[in-house]
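This report refers to the structure that appears directly beneath it.
The values are calculated or read from the model by the stated rules, or taken from the named source; none is laboratory data. Remember, it's a predicted structure, so these values are computed and weren't measured experimentally. Note: ideal-geometry Cβ built from the backbone for every residue, glycine included; neighbour counts use all protein chains shown.
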Amino acid sequence: MPDIAALTAALAADVPATRAEAAETLCRAGTDAVAAAVPLVKACGDADDQVREWAVAALEELGPPPAAAISELTALAGGAHQLVAYWATTLLGRSGKAAAAATPTLAKSLESAGDPAVAERAAWALGKIGPAAAAAKPALERSAAASSPRLSRLAQEALTAIGG
C-alpha cells in the first residue's frame, strides 16, 4: 500500500511533475486514498493540467471522505474555483447526513454558482443529506422552478429525499 501521507505532502510540491505523479499514485490507490480527500480536492485547482486530471480521476474512485474533512470541504464548496467547488460538493454529497452542517453552503451554491454543474451537484448533495438538509427547502423550491431541466429535476429529487 502506498504511503498516503507522503503522497498527500507531494501534492503540495513545487514541481508540477511531482504533484502529478502523487495524484496519479493516489488515483491508483483507489479508496485507500480517502485520507487525501481534501488535498485532492484542492489539487483540482492546480495550475497544471495533469495534476488536475489525476486529482479528478482519484476523486472519482474515492468514496465518502473522513468525517473530519467535512468542515474543510464545506469551505472549499463555497469557494470561487469551480472544479474545486464541484468536487468538494460531490464529497459532501457522498457523506450523506454526516454533511448536514454544509446545508447553508450548498443551498447558497444552488443560486450563486457561476457554473451550472456546481449548482446541479449542490442539489444532488442536498438530496443525499436528506431530511437533515430541510433548511435548504426554500432554495431547492426556487431551483425546482429553474429554466434548466437538469437542475429542476435534481432539486425536485432533493425535495423528495428531504421530505418536501
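Details
- Residue count, region 4-23 (criterion: closer than 9 Å to V51 by Cα and outside any helix (DSSP H, G or I)): 1
- Test result for A117, surrounded by fewer than 22 Cβ atoms within 10 Å (Cβ to Cβ) and within 22 Å of R153 (Cβ to Cβ): yes
- Residues considered: L110, L126. Of these, the only one that is farther than 29 Å from T18 by Cβ, among the hydrophobic types (A, V, I, L, M, F, W, C), in contact with a Leu (Cβ under 6 Å, 6 or more places away or on another chain) and surrounded by 15 or more Cβ atoms within 10 Å (Cβ to Cβ) is L126.
- Residue in region 38-46 that is among the acidic types (D, E) and either in a helix (DSSP H, G or I) or surrounded by fewer than 14 Cβ atoms within 10 Å (Cβ to Cβ) (or both) present: no
- Selection of region 33-65 for residues being modelled with pLDDT under 95 and acidic (D, E) yields only E61.
- Lone unmet requirement of (1) buried (at least 23 other Cβ atoms within 10 Å of the Cβ); (2) over 21 Å from G127 (Cβ atoms) for G79: (1)
- Selection of first residues in region 9-29 that are surrounded by 20 or more Cβ atoms within 10 Å (Cβ to Cβ) and of second residues that are among the basic types (K, R) and part of a helix (DSSP H, G or I), restricted to Cβ pairs under 6 Å at least 6 apart or on distinct chains, gives the following pairs, ordered by first then second residue: L11/R19.
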